[in-house]
1. Run the numbers for Asp115 and Lys74: contour at 0.36 nm per residue of separation, minus the present Cα-Cα distance, in nm.
2. Which shape class applies to region 185-227: rounded if a/c is under 1.5, otherwise prolate when a/b exceeds b/c and oblate if not, where a ≥ b ≥ c are the square roots of the Cα gyration tensor eigenvalues?
3. For region 80-122 and region 18-49, what is the centre-to-centre distance using only Cα atoms, to the nearest Å?
4. Based on the alpha-carbon gyration tensor of region 52-153 and its eigenvalue square roots a ≥ b ≥ c, which shape applies: rounded if a/c is under 1.5, prolate if not and a/b is larger than b/c, or oblate?
5. Using a Förster distance of 41 angstrom, determine the FRET efficiency expected from the C-beta separation of Trp179 and Ser228, and round it to 0.05.
6. Which residue fluctuates most in the GNM of the chain (Cα springs below 10 Å): Ser195, Ser97, Ser245?
7. Neighbouring Cβ atoms within 10 Å as the yardstick, rank Lys36, Lys74 fewest first.
8. Pairs of alpha-carbon atoms within less than 8 angstrom and 6+ residues apart define the contacts here; what relative contact order does region 21-288 have, in percent?
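Only the coordinates and a few stated rules stand behind these numbers; no lab work does. Here the structure is a predicted model, which is why all the values come from computation and not from measurement. With ideal geometry, Cβ positions are generated from the backbone for all residues, glycine too; neighbour counts draw on all protein chains shown.
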Amino acid sequence: MGRTLLLAALLLAPLLGGATPLRIGAFNAQRLGGGKAARDDVREALGRIIARCDIMVLQEVLDAKGQVVPLLLKALDSTVGPGTYQTLSSPPLGRGSYQERYVYFYRPGRAQLRDWFVYEDAHPERPDVFAREPFVTLFGLPSTALPELVLVPLHAVPGAAEAEIDALHDVYERVRERWGQQDVLFLGDFNAGCSYVAASRWGQIRLRRDPPFHWLLGDDGDSTVRASTRCPYDRVVVAGERSQSLVVPGSARAFNFTARFGLTEEQALAVSDHYPVEVELALDRAWRGPWHPPPALLLLLGLGGALLGLP
Ligand SMILES: *[C@@H]1O[C@H](CO)[C@@H](O)[C@H](O)[C@H]1NC(C)=O
């Protein structure tokens, strides 16, 4: 009977195939340069954090010498297999000599990079809002429910968080003009809380106020590592009926790697003072109406029941 169950599970697996949701994350890796990425403990933790996700956008990568990405790829190659991840780095972005990159790690077997651009920060009414302009990407997904998805990462400057979050609305308009896409995920360290965005200001922020945008992580969250702070800095916001309908309920969260990896606060802070934020999309879900099991699945369930002698 145990064997029959195993057989049934094996037979069913392909029918439920594609059932693993797509996990997308963003992580402020706090001044991640070559020296930091060369530390074994840090690199191992970063590798495990990236490997959780099909697409992960690192922020605050300070990689003047181009060492960070090769070090992380090497770590990933040895843990999850060579070639599992590909990367895409933005140019260095920032107003002065201090510049950061956004770096995407993605599994080409799960998401195909189609196009990208650095947002041209020259809106006639709001020129030069962003210190680190969003590095926008278009991914093709193996899904009839959601064939394409746009990602808009942002690492906002704390003192300008409100204006930068608001201006993501302009980025959304640009994405729609350029690619005709409505399904957009905004993610990253928006510095969206505590002293940087007062609760009374949310009503003025278009990305928060306007109907197409759904904030998956609430204002009472905490994406900071330090026990002494409680701030919902890092966020995930989804626009588009299709992508919104595919969000796995309860999957949007700050990933507490202190707890998951069994680290002390000090060990965790060596990696970052932020937690990554992530969300899962159920790509195989039909995007309208409830799920109906395919007839072949019903047949097999019936067959399985008959084999087990069930009525
Ligand atoms: C993360 O986990 C640690 C260890 O279990 C805990 O002390 C801390 O409060 C958690 N932080 C958040 C933001 O959940």
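1. Net length gain for the segment: 12.2 nm.
2. oblate
3. 14
4. Oblate, since a/c reaches 1.5 and b/c is not below a/b.
5. 0.45
6. Judging by the Gaussian network model, the answer is Ser97.
7. If I rank by nearby Cβ atoms, fewest first, I get Lys74, Lys36.
8. It rounds to 20 percent for region 21-288.
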